[in-house]
Amino acid sequence: MSLYASRRGANSAATTLCWVAAVFGLSWLALILGSLVYEGVRGLSPAVFTEMTPPPGSKGGLLNAIAGSLVMTIIGVAIGTPLGMLAGTYMAEYGRYSKLTMIVRFINDILLSAPSIVIGLFVYEILVHPMGHFSAISGAVALALLVVPVVVRTTEDMLLLVPGSMREAASALGAPRAHVVAKVAYRAAKAGLITGVLLAVARVSGETAPLLFTALNNQFWSSDLTAPMASLPVVIFQFALSPYKDWQQLAWTGALLITVAVLALSIAARALSAGRRNSK
Amino acid sequence: MTRAAAVIVLVILAGVIVSLVYGSMPAIQAFGFGFLTSQAWNPVTENFGAAAAIYGTLVTSIVAMVIAVPVGLGVATFLTELCPHALRRPIGVAIELLAGIPSIIYGIWGLFVLAPFLQSHVQPALISAFGDIPFFSTLFAGPPYGIGMLTAGFILAIMVLPFIASISRDVFETVPPVLKEAAWGIGATTWEVMRYVVVPYTRVGVIGGMMLGLGRALGETMAVTFVIGNAHKISGSLLAPGTTISATIANEFTEAVGDLYTSALIELGLILFVITFFVLALARYMLMRIEQKSA
């Protein structure tokens, strides 16, 4: 075989393998979504949204789990977002070149991909253990700790994209620094900031591990933040591993609901930031 | 005020470390360094060791990387060099969506769809194919349970694939076009351009991306918990059930009675955090270097 032919052969072998890899990767997405829809839709009924999680063998829905997930996600995002935004603002606006920013960026990136179960253990140590029992509020704090790094990252990135000339123009008109940041930089980066929050919501709404030993679970309706609270992921975990067919069915349905919500959020976030990029 | 918020990020990390060390003190005092090497895990006699969990964590992560790295690099190459322009964005987004699916979904899918499939189709074939070859015969020994280290590694591979693929794509795009054009100009094939120009230029970043994927795989909890089988023993076979650090914590923490049991689990968490911290720090450092190079 000539050198030319062997080089051509190696090339087509390699490119074919790349095609195969791409198809392989995409087929997993299709397979997972396919079986989710197939298994989940069967259990979809109005009862899912109106009834509490049942004991094995009787009818029920996921109402308290859905409500618990919403409550804890909202509180978690409400705590984590301002903190993350402020930190991101410092890094992009005030201390852009300071040593602190470098360190915080590095640590933040590590927290971004740190195992969430470790965050759960941390919250257990600082909140659950002293309080003596599991509670919804400690679940929300655990989620907030996962929101922070996502928001810090996107806030910093988006504020850095705002052109410096806009800030200079505002400063030249005599606007104080705080006004420049709040009225000019924030406004210019608004779509990006919202994207960050959406991504954070998407990230925490499927989190299970940190909730396992902070919020635990609850079979009943609960609006008490200091008591254990049900959440969709934990219910899925518990029901999927149970031997009961109707519980497993509810787990599939819950999984479908979460996935649809998470994918919708991340697609919305992407559309928002893409729209911004095109308009520039 | 904004500076205070930035400092809080640092405080969170410090708090995590301090509280984990504090929580694991009873176990550290009771078992010392033996904790890392002991395979024992007996809640009744309160004798705990982390070796089986650490072993499982490492093995499942290695299996995941063996599968995900070549596929991830292939996908990244496909996206930067081969894919028709119109499809680039949708396929890139689809791969990234794979990263956004919550891990519990991978878990339930792994338990009900993937594990039975592997049990009835793939594992028997592996056992009979490698049964007579030394080394591989221990790797693929035992009955096909479906759940076990191999299945967990496989699920992890699917989960880290999008990270490796999208980071590799991003660093591939930092290669100045003029370098590739020069190689094409002297008649190099696409494969040769990738192999001798793009990969050497981006090596540090690609390795950083792999380490980031590895960090994810090491700490992943829910998906693994579903399919690992939860057996506290070290087995040479990939088909055997095992456990990982995070799966042990997830499964046993709420059932743990007694301070020593809880403390042992928290020490496991501390070990996991230390391992992932170093892997992730190294990954970020490498990615930072490639960013500076492109700037």
Segment A:86-215: C-alpha pair distances exceeding 18 Å, %: 59 percent
In Å, what is the Rg of the alpha-carbon atoms in segment B:18-111, and how long is Dmax? 21.1, 63
Rounded if a/c is under 1.5, else prolate if a/b beats b/c, else oblate: with a ≥ b ≥ c from the C-alpha gyration tensor eigenvalues square-rooted, which is segment A:197-255? oblate
Any lysines with Cα under 19 Å of the B:LYS293 Cα? List them, leaving off those in the same chain fewer than 8 positions away. B:LYS180
Kirkwood Rh and Cα-based Rg: tell me the resulting Rg over Rh for segment B:71-200, rounded to two decimals. 1.11
Let me confirm one metric for peptide A:230-237, namely the mean number of other chain beta-carbon atoms within 10 Å of its residues' beta-carbons. 3
Taking N as the number of residues in chain B, what is its Cα Rg relative to 2.2 N^0.38 Å? 1.14
The size of the Cβ-based charge dipole (Lys, Arg +1; Asp, Glu -1) of the protein assembly as shown about the Cα centre, to the nearest 20 debye, is 1900 debye
From Cα pairs below 8 angstrom and at least 6 apart in sequence, can you work out the relative contact order of chain A, rounded to a whole percent? 26 percent
Whichever lysines have a C-alpha closer than 30 Å to that of A:LYS183, once near sequence neighbours (fewer than 8 apart) are set aside: A:LYS99, A:LYS280
Within the under-15-Å Cβ sphere about A:ALA182, not counting A:ALA182, Lys/Arg +1 and Asp/Glu -1 give a net charge of +4
Evaluated at q = 0.14, 0.28, 0.30 Å⁻¹: base-10 log I(q)/I(0), Debye formula over Cα of segment A:1-43: -0.51, -0.87, -0.91
Here the relative contact order (percent) of segment B:152-295, from C-alpha pairs under 8 Å and at least 6 apart, is 30 percent
With a cut-off of at most 15 other beta carbons within 10 Å, and DSSP calling the residue loop, which trypsin sites (Lys or Arg not before Pro) in segment B:131-234 qualify? Please list them. B:LYS233
Cβ crowding within 10 Å averaged over residues, with A:185-194, A:146-155 ranked highest first: A:146-155, A:185-194
Alpha carbon convex hull of the protein assembly as shown, volume per residue in cubic angstrom: 175 Å³
Name the aspartates and glutamates eligible as straight-distance cross-link partners of A:LYS245: C-alpha to C-alpha under 15 Å, and not fewer than 8 places from it in the same chain. A:GLU39
Could you calculate the contour length gain from A:ALA227 to A:TRP19, that is, 0.36 nm times the residue separation minus the distance between their Cα atoms, to one decimal place in nm? 69.7 nm
Would you mind giving the mean number of other chain beta-carbons within 10 Å of the Cβ of each residue in B:9-21, as a whole number? 6
Shielding of A:6-18 by partner chains, average beta-carbon count, 10 Å: 5
Given Cα pairs under 8 Å that are at least 6 residues apart, what percent is the relative contact order of segment B:88-163? 44 percent
Rank B:GLY131, B:GLY72, B:GLY107 by mean-square fluctuation in a GNM of chain B with C-alpha springs under 10 angstrom and give only the top-ranked residue. B:GLY131
May I have the extent of the alpha carbons of chain A along their three principal axes, as whole Å values ordered from largest to smallest? 71, 69, 34
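Rule-based calculations on the coordinates, nothing more; no lab input. All values derive from a computational prediction rather than experimental measurement. Cβ: placed from backbone, ideal geometry, glycine included. Neighbour counts: every protein chain shown.
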